[in-house]
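Asks: So that we are looking at the same thing, I have put the structure below in structure tokens.
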Amino acid sequence: NDILYASFIVGVGPLFMLGLLFFLLIEAIILSHKFSTACVSAAKMSAELHAISRDIEGRVEARTVELKEAYDRVRDASVRDGLTGAYNRRYIHEQLPKDIERCVRNGLPLSIIVGDIDFFKNVNDMFGHLAGDKVLISFCGVIEGSLRKGLEWFGRFGGEEFIIVLPET
């Protein structure tokens, strides 16, 4: 339009400045719309990310509890005799020095009973190993029922040899 006006072909007048203003106004509207859409989208994504983060934290916490329980079960199985449920030699070698050190440090008494079932081989020979297993299980039940929970413990040191640890006794 301005070229035609400068060549005296049209008589409308120069419109370049008006066109430029209109162009800039439309561009500003388009950019503000895009910016507004981007902000709304960012807010939605932030909310989604926060929800996902909470979900993941919940899952991690639940999984951590599951893994701790599984670890405790595996740890317990690794330090207990499969037949009697008494602690095994591994546990004895780990725990006994700790109990001795704790009692010495605190000036507390500690009693340790080491014993075996007399003539146990005769039980196995006369009645069989299943009967011998029942004797061992029954013996361990009696011992365990006699101990103070959380303080005293016992372990199977060998076939029919046992150790009973009585801290503060």
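The values are calculated or read from the model by the stated rules, or taken from the named source; none is laboratory data. Model, not experiment: these values are computed from the prediction. In this analysis, Cβ positions are derived from the backbone assuming ideal geometry, glycine residues included, and neighbour counts consider all displayed protein chains. What goes into the accessible areas is simple: the full protein's heavy atoms, side chains included, and nothing from ligands, DNA or RNA. Shrake-Rupley method; radii C 1.70, N 1.55, O 1.52, S 1.80 Å.
Asks: Using only C-alpha positions, report the orientation-averaged shadow area of the convex hull of the chain, nm², one decimal.
Replies: Numbers: hull surface 89.1 nm².
Value for the chain: 22.3 nm².
Asks: Per the 1.4 Å probe, what fraction of the accessible area of the chain, in percent, lies on carbon and sulfur atoms? Show your work: numbers first, answer last.
Replies: Numbers: 8250 of 12460 Å².
Percent of accessible area from carbon and sulfur atoms in the chain: 66.
Asks: With the cut-off at 1.5 for a/c, could you classify the stretch 70-164 from its C-alpha gyration tensor as rounded, prolate or oblate?
Replies: Values: a/c = 2.41, a/b = 1.63, b/c = 1.48.
It is prolate, given that a/c is not under 1.5 and a/b is the larger ratio.
Asks: I would also like to ask the following. In whole Å, what three semi-axes, largest first, describe the equivalent ellipsoid of the stretch 29-84 built from its Cα gyration tensor (square root of 5 times each eigenvalue)?
Replies: 53, 6, 4
Asks: To continue, here is another question. Given the DSSP H assignment, sum -39500 (n - 2.57) over each helix run of at least 4 residues in the chain and divide by its residue total; what's the result at 222 nm in deg cm²/dmol, nearest 500?
Replies: Numbers: 5 runs with 112 residues, N = 169.
After summing the helix terms and dividing by residue count, I get -23000 deg cm²/dmol.
Asks: What's the center-to-center distance, using Cα atoms, between the stretch 87-124 and the stretch 37-65 in Å?
Replies: First find each Cα centre; the distance between them is then 52 Å.
Asks: GNM, the chain, Cα, under 10 Å: largest mean-square fluctuation among 96, 147, 20?
Replies: Looking only at 96, 147, 20, the biggest GNM fluctuation is shown by 20.
Asks: Write down the radius of gyration of the stretch 53-106 and its Dmax, each obtained from C-alpha positions, in Å.
Replies: Taking only Cα atoms of the stretch 53-106, I get Rg and Dmax of 17.0, 49 Å.
Asks: Just to confirm the number: angle between the C-alpha axis of helix 89-106 and the first principal axis of the chain, 0 to 90 degrees, nearest 10?
Replies: Approximately 90 degrees, to the nearest 10.
Asks: Chymotrypsin sites (Phe, Trp or Tyr not before Pro), restricted to the stretch 1-102: which are DSSP loop and have at most 14 other Cβ atoms within 10 Å?
Replies: Working: sites: 5, 8, 16, 22, 23, 35, 71, 87, 91; in loops: 8.
Those satisfying the criteria are 8.
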